[in-house]
Structure formats: C-alpha cells, structure tokens
Amino acid sequence: MTLWQRRARVIVGGAAVLFALFVAFEFKRRGPAAPAQPIAPTDPTAVVESIGGRTYEKQLTYADGSSKLLGVTIATDERNGDGPFSATAREASVGKDESTVVLDGDVRVGSAGIHARTEHASYTKSDNTLRAPGPTEVAEGKTIANGVGMTFDRNADALTIHDEAVIHMADANGGGVTEITCGTAIFARRERYRRFEKAVRMRRGAHVLEADVAVAYLSQDEKRIERIELRENARIASSDPSPGALQSLTG
C-alpha cells in the first residue's frame, strides 16, 4: 500500500467517526417528541361532534338521539302558502324526532316580509308554530312593534304579541305615524288586519282613539290603514280641535 493510500484511509476513517459522534449527539439532545394533546370536546356527554356544515358551525349528537347545533341557520321553502321561513341563533337544541327545536341566543326569524328578534324561542313541528316567552321586537315594512311574549302561527300566517305591546305604524305614502299601546297585538297577515286588545290607545297627530278592542284594516297592498273599528268603551278625542269642531266622542 502506497503512502497516499494509507493517508486516505486515515482521513476517511476519521470522518466516519466524527459523523457517528454528531448523529449520536443530535439524537441525545432532541430527545423523544412530546405526544400531541387531544382536543377537548365541546360537551363531554356528546357521542358525536361535527364541525362545519351548511346550516351550523358545530353539531353535537347525544346518545338519546337529540342534537345541539351551534351557530345555526335554519331555512325552509314555501309550503302550503305559508311563505319561506328562516331562523338564526347562537344555539339550537333539536329533539330526537325533530318535532321541536329550541333556539337560544340572538334569535332572529323571518317569513315573507315580517321579521322578529328575541333571545329565546321554540318551534313545534306539529302545529307549525314559533313561540318566544320574553321581550320581542317585530318589524314589518314600516311597522315596528315591541312587546313581551310572541306566537307566530305559520299555518294561519298570524303573529301575536301577548303583552305590553307598543306599535309604530308609518303610512308608506307619507301620511304620518300611528302610535299604539295595548296589551295584545295580533298581526293577521293573510286577512290584512291588525287587532289590538286590552286598554288600547291609538294616537295619530292630534287625534287619540281609545277602546277595549280596536281593529285596523289595511289596504290591498298593506301599505296604509283604510279604516279602524273601535269596539267596547270607545272614545275619540282631539287635543287641538278647530273652532266649532267636535272635541271628543264616547260610545
């Protein structure tokens, strides 16, 4: 073996030893990788958890067949003439047979031109009715209404505010605003009338109408009040009558 071959063997051997020492040092320094931490479930009692969907951000399914939807949007097409329907909420609980849906958190519902907002509501499939027990705001065209407790019967296309109703009805043709306070307000949309019950007081300009019951009939396009019927303990008064004009009438 020549002199240069012996030198080459020494160099190669030294390089191999250095590489082996480097690899051993790296493995010792890094150590074993830490195990991945499992993702905590949203609800430990759920048997299935799904993330993402066309109508929800997350779905939890329980052993009894019920489910909970987070960030939910519910939409249905027109059926039996009751118009399309939509509802959104932060959370929805669905019964195992889907006969009831309970909506919670910033609940917003809409159907064919009428919209309502509340914090809690429930929908019952058997009677196609939405119910809200607490404060509710309703908007329909130029009408804004507030009250406590709401029922929306979709089969009859009728929405009822059950207590402490306050309604502002603006004429679409610029004829002024009618302000109404009463116990109960019924929006009978299919029949185009609004019924007000329990200590009804209606103010339009200088005119004040009071009765136990008042019914406002709307025009064909539902943009203005055509006539008002006062029933039981009716009273009409004007705060600024013209000279010689009738100031009040009770019947």
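The values are calculated or read from the model by the stated rules, or taken from the named source; none is laboratory data. Fair warning: this is a prediction, and the values are worked out from it, not measured in the lab. Every residue, glycine as well, gets a Cβ built from its backbone with ideal geometry; the counts of neighbours run over all protein chains shown.
Within region 119-156, being closer than 21 Å to THR76 by Cβ, among the hydroxyl-bearing types (Ser, Thr, Tyr), surrounded by 15 or more Cβ atoms within 10 Å (Cβ to Cβ) and out of contact with any Leu (no Cβ under 9 Å at 6 or more places or on another chain) holds for THR129, THR136.
For ALA116, the criteria (1) within 20 Å of ALA75 (Cβ to Cβ); (2) not acidic (Asp, Glu); (3) not in a strand (DSSP E or B) hold in every case but one, which is (3). Taken over region 157-175, residues that are touching a Ser or Thr at 6+ places or on another chain (Cβ under 6 Å) and surrounded by fewer than 16 Cβ atoms within 10 Å (Cβ to Cβ) amount to 1.
For region 56-71, which residues satisfy the criterion of being in a strand (DSSP E or B) and under 18 Å from the mean Cα position of the chain (by Cα)?
Answer for region 56-71, where residues must be in a strand (DSSP E or B) and under 18 Å from the mean Cα position of the chain (by Cα): LYS58, GLN59, LYS68, LEU69, LEU70, GLY71.
If you go through region 83-102 and keep only what is within 20 Å of LEU159 (Cα to Cα) and without any contact (Cβ under 8 Å) to a residue 60 or more places away in the chain, you end up with PRO84, SER86, ALA87, THR88, ALA89, THR100, VAL101, VAL102. Screening region 183-233 for residues that are among the small types (Gly, Ala, Ser) and more than 18 Å from GLY141 (Cβ to Cβ) and picking the one that is farthest from the chain's Cα centre (by Cα) gives ALA206.
Could we say that THR178 is in a strand (DSSP E or B), of a type in the set (S, T, N, Q), touching a residue at least 12 places away in the same chain (Cβ under 8 Å) and over 17 Å from SER111 (Cα atoms) here? So THR178 passes the test. Scanning region 192-239 for residues that are small (Gly, Ala, Ser) and either crowded, with 18+ Cβ neighbours inside 10 Å or modelled with pLDDT of 95 or more (or both), which turns out farthest from THR181 (Cα to Cα)? Ranking the qualifying residues of region 192-239, first place goes to ALA216.
So, THR178, is that one at pLDDT below 95 and crowded, with 17+ Cβ neighbours inside 10 Å or not? Criteria met by THR178. Among all positions in region 128-137, there is at least one residue which is part of a loop (DSSP other than H, G, I, E, B), of a type outside the set (A, V, I, L, M, F, W, C) and over 30 Å from ASN173 (Cα atoms).
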